[in-house]
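The values are calculated or read from the model by the stated rules, or taken from the named source; none is laboratory data. Note that the structure is predicted; figures quoted are calculated from it, not measured. Here the Cβ positions follow ideal geometry from the backbone for every residue, glycine too, while neighbour counts run over all protein chains shown. Accessible surface areas use protein heavy atoms only, side chains included; no ligands, DNA or RNA. Shrake-Rupley method; radii C 1.70, N 1.55, O 1.52, S 1.80 Å.
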Amino acid sequence: MRIGIASGKGGTGKTTVATNLARTAVRRGRRVAYLDCDVEEPNGQIYLRPEIAWRRPVTLPVPVVDPGRCDGCGACGEICRFSAIVCVAGKVLVFPRLCHSCGGCSRVCPVDAIGEDLREVGVVSGGQEGKLAYRQGLLNVGEAMSPPLIRAVRAVEPVADLVVVDAPPGTSCAAVEALRGCDRVLLVTEPTPFARHDLELALDTVAQLGIPAEVVVNRAGRDGARTLALCERYGVEIVAELPDRRSIAEASSRGELAVEIDPEFEEWFQRLLAHLEDRR
Amino acid sequence: MKIAVSSTGPSVDAACDERFGRCACFVIAESDGTVLGSVDNPNATQGHGAGIQAARLVADLGVSVVLTGRCGPNASDTLAAAGVSVVVGCTGTVGEALASYSAERGPSG
């Protein structure tokens, strides 16, 4: 079973839910794979503390033009949807950071002047902590091209009883790439207008992806009725409500998991795990 | 020598558009101030690479100088490759931008 943890708004508690769920499943004897696909800030390792055993760079092919062969026809620039390659005044310019690596330019070049270079966009790494296999991607600073790196993390998914995919916030390509192929999605929200607004976007996104979704309300307390009304409108169930508790925030700031310090949280996450496994 | 001014409208009375890649249109003029016409910028609503395509557009028109508010690195690189020079920081109307450009260049321009 592969569970995506997503949110819309950042900072609602995706990693909190993902790491606590993963640790709970390990404690219940499950083989767990944790894929940190929040590649701009993969911080699941802070809580799960795996020993990273390997790392490898993730590269993307980008075009390189041989000016000796190029006759400046501009066919490469015509086919590129992202202006990553453009022909101006008979010269071809390449903007590697805009390139989506489709290979179209080299295919249409009539004089075979376009070769490939490899550009590193980030690093994928992995390791183990007991029965938990950990994988993450880390996007290079200044880099915008996260979907290929997320695909690289998904590609090294180990065999497990439960795969937890920690998705990036938002509803753009990066989040979609992380959620694609998940059996279910848990959308983590908090009872604030911001989080509710972005939860609605996330609900629309998972509906378009055709993935069944459920909601976890983090820092639950005030203003819960509006979140409930939104979920009812989408026919989506709230499967857990985690209270706003200072002791949990303090533990979290020390890199500790809620299920390790609070028996009530442990019970809630056990119930959440049982619920997810029932639905399988 | 042709000059392109990024503009919010097609005439010299229109305000300069401070954006290069996503300006509404370019007013094209000669260095003596004679207006040759205007060209809509189809890249204004483009998600990616608007500056690059706008640079290509003005280069293909045979423009030598661009007057605009600001110009991003990709557009700058494209304009440089095409041998088009860029003046940033233009404000006011298109006519004013053209006038201050020719005043700064001096009578020989």
(request) Return the value, in Å² to the nearest 100, of accessible area buried between chains B and A (probe 1.4 Å, both sides summed). (result) 1000 Å²
(message) For the stretch A:1-143, what does the accessible surface come to per residue with a 1.4 Å probe? Please give it in Å².
(response) 45 Å²
(request) Would you please state the base-10 log of I(q)/I(0) at q = 0.09, 0.17 1/Å for the stretch A:139-280, with intensities from the Debye formula using one equal scatterer on every alpha carbon? (result) -0.31, -1.14
(message) Can you give me the accessible area per residue for the stretch B:2-105, using a 1.4 Å probe, in Å²?
(response) 43 Å²
(message) Nearest 10 degrees is fine. How inclined is helix A:14-27 to the longest principal axis of chain A, computing both from alpha carbons?
(response) 60 degrees
(request) Calculate the spin-label point distance for residue A:108 paired with residue A:157, positioning each point 7 Å from the Cα along the beta-carbon direction, and give it in nanometres. (result) 3.4 nm
(request) Restricting attention to chain A, give the cysteines that have no other cysteine Cβ less than 4.7 angstrom from their Cβ. (result) A:37, A:70, A:73, A:80, A:87, A:99, A:102, A:109, A:173, A:182, A:231
(request) Give me the compactness ratio for the stretch A:67-112, meaning the Cα radius of gyration over 2.2 N^0.38 Å. (result) 1.02
(request) Kindly state, to the nearest 0.05, the FRET efficiency for residue A:97 paired with residue B:34, given R0 = 41 Å and r defined as their beta-carbon distance. (result) 0.55
(request) With the full set of protein chains in place, find how many percent of the accessible area of the protein assembly as shown is carbon and sulfur; take the probe as 1.4 Å. (result) 50 percent
(request) For the stretch A:180-280, give the magnitude of the charge dipole about the Cα centre (Cβ charges: +1 Lys/Arg, -1 Asp/Glu; no others), in debye to the nearest 20. (result) 280 debye
(message) At 222 nm, what value in deg cm²/dmol follows for chain A if DSSP H runs of at least 4 each add -39500 (n - 2.57) and the sum is divided by all its residues, to the nearest 500?
(response) -10500 deg cm²/dmol
(request) Using just the helices of chain B, give the 222 nm mean residue ellipticity in deg cm²/dmol: DSSP H runs with n ≥ 4 each add -39,500 (n - 2.57), and the total is spread over all residues, rounded to 500. (result) -9000 deg cm²/dmol
(message) Checking buried surface per residue: for the stretch B:55-71, which residues lose a minimum of 20 Å² accessible area in the protein assembly relative to the chain alone (1.4 Å probe)?
(response) B:56
(request) Run a plain Debye calculation on chain A (Cα atoms as equal point scatterers, no solvent) and give log10 I(q)/I(0) at q = 0.13, 0.17 Å⁻¹, rounded to two decimals, same order as the q list. (result) -0.85, -1.25
(request) Hey, for a label at residue A:207 modelled as a point 7 Å past Cα toward Cβ, could you say which residues of the stretch A:1-33 have their backbone N under 19 Å away? (result) A:6-9
(message) Pairs of alpha-carbon atoms within less than 8 angstrom and 6+ residues apart define the contacts here; what relative contact order does chain A have, in percent?
(response) 27 percent
